[in-house]
Amino acid sequence: MSCTRDSLETKVHADLHTHTTCSDGCHSPTELVTKAATRGIQVLAITDHDTVRGVEEAEREAEKRGIDYIPGIEFSADVQDREVHILAYGIDPEGDRLHEHIQKMQAARERRAWRMVERLGKVGLTLNESTVEEKISETHSVGRPHIAELLVKAGYVKNTDRAFEQYLGENGPGYVAKPNVEAKRVLSLINHLGGVSVLAHPGHWTSSRHIRALVDLGLCGIELWHPAHDSSLRSYYARIARDYNLCTTGGSDYHGRTKEDDYYFGRVGMPETEWERFSEVVA
Ligand code: AMP
Ligand code: FE
Ligand code: FE
Ligand code: ZN
């Protein structure tokens, strides 16, 4: 685990980074909200990859459970040939330009899934066409984790981590890059939808050069609390936030896939005072 104890000592009030079955998470929006309530989370954002499908269902359940719900999404984008993830909060989930973007990404993700299946077939890992179709139909945002699940189910690997290590990582024989949209366009879309843009998990290899480029393109915030950030990385990004006048957020990036993932849910996120500060920005 990369998150050191110190970051787990403050009580989590808000978790602004989670996933559901609408993208590559394992729980439905209703299940996720229920689980968040049992972990004592008071403010929740679901940030599925390139989709807002879960928003309505989650909002209904959150109201029942007395949790504050913030509509969110995690966009994939390219900046200077590097993929980054940009979270958006407080967007209008009905916005026209949003749905155009989502549909385009969904189609591109499906084409890519089939290309990955084809590449895996070339190295002897044949996946049954109807099981692939079924898997694609279970989500609104197919990605490598779904292909990894199919490899596990077919008995080619023992778990999804292995599937990534052996076949789906950037140098793996099944890897196909996502054809992403430029960060400039994603940031302008978020702006258009009245949302706040936040760079997700910069600790996943986003260099200071790339952060600077995103700031120049209008990025509003940076994720500080994340399971991939220990206290020294958090201090480092807090300094960047001060230097560039960025707001700061955090969350568990919960997908519900592993024990480690489960451990962080309710343990990594924003303390109340930090949430209060951000709530003024996202209002
Ligand atoms: P994609 O956007 O389709 O390229 O897939 C990236 C997603 O895969 C990330 O959002 C993570 O949820 C997941 N992921 C990345 N690395 C791993 C890994 N080693 N094991 C399991 N899931 C992973
Ligand atoms: Fe994911
Ligand atoms: Fe991400
Ligand atoms: Zn995420």
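The values are calculated or read from the model by the stated rules, or taken from the named source; none is laboratory data. These figures come from a predicted structure and were not determined experimentally. Neighbour counts run over all protein chains shown; Cβ positions are idealised from the backbone, glycine included.
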So, in segment 168-202, how many residues would count as being in a helix (DSSP H, G or I), away from ligand 1 (no atom under 14 Å from the Cβ) and not small (Gly, Ala, Ser)? 8
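State all residues of segment 5-59 that are among the acidic types (Asp, Glu), out of contact with any Gly (no Cβ under 8 Å at 6 or more places or on another chain) and touching a residue at least 40 places away in the same chain (Cβ under 8 Å); if no residue qualifies, say none.
Matches in segment 5-59: ASP6, ASP50.
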Here the residues within segment 231-261 that are within 23 Å of GLN42 (Cβ to Cβ), in contact with a helix residue (DSSP H, G or I) (Cβ under 9 Å, 6 or more places away or on another chain) and away from ligand 4 (no atom under 14 Å from the Cβ) are ARG234, CYS247, THR248
Would you point out which residue out of THR38, THR30 is in contact with a helix residue (DSSP H, G or I) (Cβ under 6 Å, 6 or more places away or on another chain), among the polar types (S, T, N, Q) and away from ligand 1 (no atom under 16 Å from the Cβ)? THR30
Please determine whether any residue of segment 36-45 is in a loop (DSSP other than H, G, I, E, B), surrounded by fewer than 22 Cβ atoms within 10 Å (Cβ to Cβ), of a type in the set (Ser, Thr, Tyr) and modelled with pLDDT of 95 or more. no
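How about segment 203-283: which helices (runs of 4 or more DSSP H) wholly inside it have at least 2 residues that are crowded, with 18+ Cβ neighbours inside 10 Å?
Qualifying helices (runs of 4 or more DSSP H): 208-216, 231-244, 272-282.
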Only residues that are loosely packed, with under 14 Cβ neighbours inside 10 Å, more than 16 Å from ligand 3 (Cβ to nearest atom) and either under 22 Å from the mean Cα position of the chain (by Cα) or modelled with pLDDT under 95 (or both): list them for segment 147-170, please. ASP161, GLU165
